[in-house]
Amino acid sequence: MNRFVIFVAVAALASPLFGQMQVSGVPPGFNYDPAKHVNPVITYVESKDFKPSNYKDAEEATGHSLLGLSKETGSLESVAVADLGGKPPKDLRLPVPVAFYPVVQQTFKLVEGGTLILHSLKPPKIQGGNFPPQGRSSIGLPFPLPRRGDPKDKRFGPVTPPEELEIRGLPGLLFEKDGTITVAWMEDGIYYTASSSLSSKALFVVLDDLL
């Protein structure tokens, strides 16, 4: 199975996207559009790209172990994978070759009610290096805010700029919009995002249960 898609595009080194890649470490992608993308962090695939899968096949496709919840906290309802399969993201122009790996989507039904949607992926690989680059936030976040305060930067779309905080004892981001919280962090070399309509307190309890 093709585990990643490599594409090369030519753009000015001073382009906003290039600055985002080299300075912020946010995975490269389109500006976040809630109608198309699963969350503000993962935007090189669209919601429609996710296809039903199973636990074993998803691990094989992505090359990394998947996290899960204890039965006391929740149960896995579905697994899906977004794999570009050799087709480059249309109109995403980058100045260097980049390899994008598949994204796994796990949906959990929680014992206390509600759901948790967990996405995971290997960091994109850039020619001559890997994500995250050397740029870090004040708390060591591997993917800090792109050009904080720059009104021209629309990478995170219409959502309020995220809060930087610890997630599972690691630097992370927290986005909140229309009653849904999305958090993002990097653990053991894998990017994770988790989304839920739970309160932030309840969500962090569930996240601590992930193994």
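For this structure, a couple of remarks:
- Count of the stretch 90-126 residues which are in contact (Cβ under 8 Å) with a residue 40 or more places away in the chain, of a type in the set (Ser, Thr, Tyr) and open to solvent by 10 Å² or more (accessible area, probe 1.4 Å): 2
- The residues in the stretch 195-204 that are free of Cβ contacts under 8 Å to residues at least 40 places away in the same chain and loosely packed, with under 15 Cβ neighbours inside 10 Å can be counted, and the count is 3.
- Residue ID - nearest to Glu59 (Cα to Cα), chosen from residues in the stretch 113-126 that are at pLDDT 95 or above and more than 12 Å from the chain's Cα centre (by Cα): Leu116
Residues are listed down the side, and each one gets a yes or a no for (1) closer than 16 Å to Tyr192 by Cα; (2) open to solvent by less than 40 Å² (accessible area, probe 1.4 Å):
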site: Glu46; (1), (2): no, no
site: Pro52; (1), (2): no, no
site: Glu59; (1), (2): yes, no
site: Gly68; (1), (2): yes, yes
site: Lys71; (1), (2): no, no
site: Ser75; (1), (2): no, no
site: Ser78; (1), (2): no, no
site: Val81; (1), (2): yes, yes
site: Leu84; (1), (2): no, yes
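- Leading residue by the ranking (nearest to His64 (Cα to Cα)) among those in the stretch 180-194 that are of a type outside the set (D, E, K, R), open to solvent by 20 Å² or more (accessible area, probe 1.4 Å) and part of a strand (DSSP E or B): Met186
- Scanning the stretch 160-179 for residues that are under 14 Å from Ser200 (Cα atoms) and open to solvent by 40 Å² or more (accessible area, probe 1.4 Å) returns Glu163, Glu164, Glu166, Arg168, Glu176, Lys177, Asp178, Gly179.
- For the stretch 143-179, taking the residues that are modelled with pLDDT of 85 or more, among the small types (Gly, Ala, Ser) and in a loop (DSSP other than H, G, I, E, B), the one that is nearest to Pro124 (Cα to Cα) is identified as Gly157.
- Residue within the stretch 21-35 that is modelled with pLDDT under 95, open to solvent by less than 20 Å² (accessible area, probe 1.4 Å), of a type in the set (A, V, I, L, M, F, W, C) and not in a helix (DSSP H, G or I) present: yes
- Tabulated pairs, the stretch 51-64, first in a helix (DSSP H, G or I), second at pLDDT 95 or above and among the aliphatic types (A, V, I, L, M), C-beta under 6 angstrom, 6+ apart or interchain: Tyr55/Val79; Ala58/Val79; Ala58/Val81; Ala58/Val104; Glu59/Leu66; Ala61/Val81; Thr62/Val104
The values are calculated or read from the model by the stated rules, or taken from the named source; none is laboratory data. Please read all numbers here as calculations on a predicted model, not as lab measurements. All Cβ positions, even for glycine, are placed from backbone atoms using ideal geometry, and neighbour counts span all protein chains on display. To get the accessible areas, we keep the full protein, side chains included, count just its heavy atoms, and leave off ligands, DNA and RNA. Shrake-Rupley method; radii C 1.70, N 1.55, O 1.52, S 1.80 Å.
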